[in-house]
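The structure appears right after this line, and notes come after that.
The values are calculated or read from the model by the stated rules, or taken from the named source; none is laboratory data. Predicted model, so just to flag it, every value in this text is computed and none were measured. Please note: Cβ atoms are built from the backbone with ideal geometry, for glycine as well, and neighbour counts cover all protein chains shown. Areas reflect the complete protein model, heavy atoms only, side chains present, ligands, DNA and RNA absent. Shrake-Rupley method; radii C 1.70, N 1.55, O 1.52, S 1.80 Å.
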Amino acid sequence: MQEILFPIVNYWDTCYMFSLPYLLGPVGDVFTWFGKNADRWKKHLVHGFDMGFDNKNVYMENYVEHGRKRCSQKHRSFIFCLCSENVPSVPSNPELLSCKVIYSLAPAMGHNKDAHPECNSRVPAITTALATMRLTPEFRNSEILELRKFRPATADDIASVHERAYVSGLENAMAAALEQGLILIEGSGPTYATSTTFQESLLAAGAGLSIVDAVVMSQSKPEDPPVGFALVRPPGHHAVPTGPMGFCIFGNVAIAARYAQRAHGLKRVFIIDFDVHHGNGTNDAFYDDPDIFFLSTHQDGSYPGTGKITQTGCGDGEGSTLNLPLPGGSGDTTMRTVFNEVIGPCAQRFKPDIILVSAGYDAHVLDPLASLQFTTGTYYMLASSIKQLAKDLCRGRCVFFLEGGYNLSSLSHSVADSFRAFLGEPSRASEFDNPAFLYEEPLKRVKEAIQKVKTIHSL
């Protein structure tokens, strides 16, 4: 048996990259390696424009300085020791009963391509923002809980969604990635891999499974159950059963859905995907399954061109897939209407045992990869509404999974405001959102799309 020691630079110092994952020898022969790689330290440019700040191309220097200060404290770095046995993946019952948010981190620091939007700055930017805004266990005591020990997903976990030939093929491709430094996966869109991609993708999926475990264990707290959030990468909702696609390696949400059914007997799974791009991988994985309802809102005509409103499932799964393409320019008013008239009624009719969320933050008006007009306040509304929906329908069992979001500033502020929604605290979106960036939504076309999907699905 091998143990995997994953040393990660202190997340608050977002601009420093230390070691990559290393495979170590027999049990007990565990040590920590910190590379002396100061030459690799760099500042990461915020993608796109900052909303509410004067400089439009802003380095996250305030985060870097905050990280330096934190490094002088006792919490110098995190170490995730992941082994195949005798490692607790969930906290104790007293901890679960007192918390409101449970999250896990899998930043995939080794899975990185310079100047690529899906880069290893994304999760550290989020965790730095959470610390700056005092939304971490250090400041919130028992209200917020981080799972620091969890197992990577197994090959069997992955094979519940993906073909085994793909899983083994990707593992075998790591040798070529080690030799070449980075490879582009043919036929997968702009998806790359490094020598650590396979193991870090297992870790991302495993982080989600452990959050599912923790949320299920906390169901004895019906009055205010905690919401889970897997802050992981690579993202997953484009990965199809036969391979990777669109920045995604393994379908983290889809794997968690099958795990919830298998490990916890949660037969009926409701998946909400509000990423700006259609979650074609999740769509395909459950297209004929009546027990998993997949609902996606996405920008009409955006990558990968799937998710037509008429695609509703097949065979026994007919009617258990709902795709709602939204016209470019759709924003906060649109999503509030969509939640009230489509998402809520669908979930109420389906009666889920757990709600899983593909939380993509790339529909934000500042995101460079699409042209919807969500704001930080939109994401607060979605987080708050979905939390209440889960509380009403399935004893609060709800887990969010990070998908897209490529402007580091809007991404981190929106995730932070989602945490505030989970905590039941007021939104601080007005401190970040700038109305000057917004324009009139195409509400007539939105109304037509909503009416059409309601007719198709008899809502």
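In table form, for the structure just shown:
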| item | result |
| --- | --- |
| Euclidean distance of C-alpha centroids, region 293-352 and region 194-216, integer Å | 26 Å |
| Surface share of carbon and sulfur [accessible, 1.4 angstrom probe, percent] for region 300-436 | 47 percent |
| Residue-normalised accessible area of region 162-302, expressed per residue, 1.4 Å probe, Å² | 30 Å² |
| Low-density loop positions, GluC sites (Glu not before Pro), region 360-459 - DSSP coil, at most 15 other Cβ in 10 Å | Glu440 |
| Gain upon complete extension [Asp224, Gln388; 0.36 nm per residue less C-alpha separation] | 58.1 nm |
| Whether region 291-445 is rounded, prolate or oblate, judged on the alpha carbon gyration tensor where a/c under 1.5 counts as rounded | oblate |
| Residues whose placed amide H lies under 5 Å from that of Lys113, excluding near-sequence neighbours | Asn120 |
| Whole-percent carbon and sulfur share, accessible surface of region 169-228, 1.4 Å | 55 percent |
